[in-house]
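The values are calculated or read from the model by the stated rules, or taken from the named source; none is laboratory data. Remember, predicted model here, so these are calculated numbers, not experimental data. Backbone-built Cβ (ideal geometry, glycine too); neighbour counts: all protein chains shown.
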Amino acid sequence: MKLPELNIGRFTARIPLVQGGMSVRVSTSSLASAVAECGGIGTIGGSGIPIGELQEDIRRAKRMTRGIVAVNIMFAIRQFMETVKASIEAGVDMIVTGAGFSRDVFKIGKDHDVPIVSIVSSPEFGKLAERCGADAIVVEAKEAGGHLGTDRPLRELFPEIRKVVKKVPLIAAGGITDGYEIAEMVGRYGADGVQMATRFVLTKECDVPDSFKNAYRNARKEDIFLMHSPVGLPGRAIRNRFLNRLFRGESVYDGECKRNCLKSCDHTFCIIDRLDMSREGDTEEGLVFAGENVWKIKDVPTVRELIDRLVAEAESVYAPAPA
């Protein structure tokens, strides 16, 4: 059976699929525009890069597709509101935000007719986001990569938030790797759509270096670990030389903070520098964020090939959730 469309504000995605925004230049216009062109929602990671560079990447994505292009902006960054406004000025279609909560961002979205999508990890924040004016809500569970707001699995957490969020689309995120899981979340659990990030790193259009993609392809289940991030949240990453030193309690301090990019940071190390290192090819001393199920993914298709496969798998088993 055909999957339903995903409606967020004034936009309709033909496929109920959001490509998760991965910051520090992991998901850029190349990936986001390819996903948008296939009928999903493509998302640029908007944190950890200069605002001017982000604006140009948004404009580039909008030139490459007529589809829906979003930007993900962490509330934890010091220039959160400036980045939101600059993204809207550059012509982004919607804003996705998590790693904290802003009430003010909803008014800005309404004033500019730009939908605001909140990432939450608890029923309390789900209710708050809906009450404050979110146009859609992403439920991100512990299986996700990067910074995490919960230690609870998706299939336990999602139904609780589904019970309290009634008026806006609710999107399931965390550990989803294939179309059968898309059908499960939309059909059995009543999600309006799913968000997938880790799966899209292993596509040809994701322009991280081969060493980064190989870290994903070579990861074993036992290589995926939680670490403490200077942001103040746990983060899920692939174990490497840097994390081994961190776990042994060795100092990984890399000097006085030069970026001042976060509202709160314990600066045991510079997380942006470490993410940048892996993005530039040093996946042993850099930090490689990834989802819990990255070990299941081995191939590197084009975005079109991947989305066609995901849709075929999902529609082969999908049945609508009971009313």
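Here are the criteria: (1) charged (D, E, K, R); (2) surrounded by fewer than 16 Cβ atoms within 10 Å (Cβ to Cβ); (3) in contact with a Ser or Thr (Cβ under 8 Å, 6 or more places away or on another chain). Tell me which single one K204 does not satisfy. (2) is the only condition that K204 fails. Just so you know, in region 301-316 the residues that are among the hydrophobic types (A, V, I, L, M, F, W, C) and surrounded by 14 or more Cβ atoms within 10 Å (Cβ to Cβ) include one that is nearest to E181 (Cα to Cα), and it is A314. Sub-7 Å Cβ pairs linking a first residue in region 53-69 that is of a type outside the set (K, R) to a second residue that is part of a loop (DSSP other than H, G, I, E, B) and surrounded by fewer than 17 Cβ atoms within 10 Å (Cβ to Cβ), at least 6 apart or interchain, are I58/G91, ordered by first then second residue.
Criterion first (surrounded by fewer than 22 Cβ atoms within 10 Å (Cβ to Cβ), within 15 Å of S29 (Cα to Cα) and touching a helix residue (DSSP H, G or I) at 6+ places or on another chain (Cβ under 6 Å)) does R66 satisfy it?
Values: surrounded by fewer than 22 Cβ atoms within 10 Å (Cβ to Cβ): yes; within 15 Å of S29 (Cα to Cα): yes; touching a helix residue (DSSP H, G or I) at 6+ places or on another chain (Cβ under 6 Å): no.
The answer is no for R66.
Of everything in region 92-108, what is under 20 Å from the mean Cα position of the chain (by Cα) and within 20 Å of I8 (Cα to Cα)? Give them in sequence order. Scanning region 92-108 gives V92, D93, M94, I95, V96, T97, G98, F101, S102, V105, F106.
Mind telling me which of the residues S122, S87, S118 ends up being of a type in the set (S, T, Y), surrounded by fewer than 17 Cβ atoms within 10 Å (Cβ to Cβ) and without any contact (Cβ under 8 Å) to a residue 60 or more places away in the chain?
Residue meeting the stated conditions: S122.
Among the residues of region 275-289, are any aliphatic (A, V, I, L, M) and either assigned to a loop (DSSP other than H, G, I, E, B) or in contact with a Phe, Trp or Tyr (Cβ under 6 Å, 6 or more places away or on another chain) (or both)? Yes, there is a match, as at least one residue in region 275-289 is aliphatic (A, V, I, L, M) and either assigned to a loop (DSSP other than H, G, I, E, B) or in contact with a Phe, Trp or Tyr (Cβ under 6 Å, 6 or more places away or on another chain) (or both). Residue check: I95 meets all listed conditions (1) among the hydrophobic types (A, V, I, L, M, F, W, C); (2) under 21 Å from T198 (Cβ atoms); (3) without any contact (Cβ under 8 Å) to a residue 40 or more places away in the chain; (4) not in a helix (DSSP H, G or I) but one, namely (2).
Please go through region 98-113 and pick out each residue that is out of contact with any Phe, Trp or Tyr (no Cβ under 9 Å at 6 or more places or on another chain) and free of Cβ contacts under 8 Å to residues at least 40 places away in the same chain.
Restricting attention to region 98-113, the residues satisfying the condition of being out of contact with any Phe, Trp or Tyr (no Cβ under 9 Å at 6 or more places or on another chain) are 103-104, 106-113.
Scanning region 98-113 gives R103, D104, F106, K107, I108, G109, K110, D111, H112.
Per the listing T203, T268, the residue uniquely of a type in the set (V, I, T), over 20 Å from the mean Cα position of the chain (by Cα) and part of a loop (DSSP other than H, G, I, E, B) is T268.
Would you point out which residue out of I182, I119 is within 16 Å of L17 (Cα to Cα), assigned to a helix (DSSP H, G or I) and either under 18 Å from the mean Cα position of the chain (by Cα) or modelled with pLDDT under 95 (or both)? Step through it out loud before you land on a result.
Numbers: I119 fails: assigned to a helix (DSSP H, G or I).
Result of the check over I182, I119: I182.
Look at (1) touching a residue at least 24 places away in the same chain (Cβ under 8 Å); (2) touching a Gly at 6+ places or on another chain (Cβ under 7 Å); (3) not assigned by TED's automatic domain parsing to the domain that holds G39 and you find that V231 fails only one, number (2).
If L170 passes every condition in (1) free of Cβ contacts under 8 Å to residues at least 60 places away in the same chain; (2) in the same structural domain as M277 (by TED's automatic domain parsing); (3) surrounded by 21 or more Cβ atoms within 10 Å (Cβ to Cβ); (4) not charged (D, E, K, R) but one, which one does it miss? Just one mismatch for L170, condition (2).
Output the residue which, of all residues in region 43-58 that are of a type in the set (G, A, S) and within 18 Å of G146 (Cα to Cα), is surrounded by the most Cβ atoms within 10 Å (Cβ to Cβ).
Going residue by residue through region 43-58, those that are of a type in the set (G, A, S) are 45-48, 52.
Right, trim to within 18 Å of G146 (Cα to Cα) and you get 45-48.
Numbers: G45: 27, G46: 29, S47: 25, G48: 22.
Applying the filter and picking the extreme gives G46.
When each of F269, F289 is tested for being crowded, with 16+ Cβ neighbours inside 10 Å, modelled with pLDDT under 95, closer than 25 Å to P209 by Cβ and of a type in the set (F, W, Y), the lone residue that passes is F269.
For region 212-243, which positions are part of a helix (DSSP H, G or I) and aromatic (F, W, Y)?
Selection gives F212, Y216, F242.
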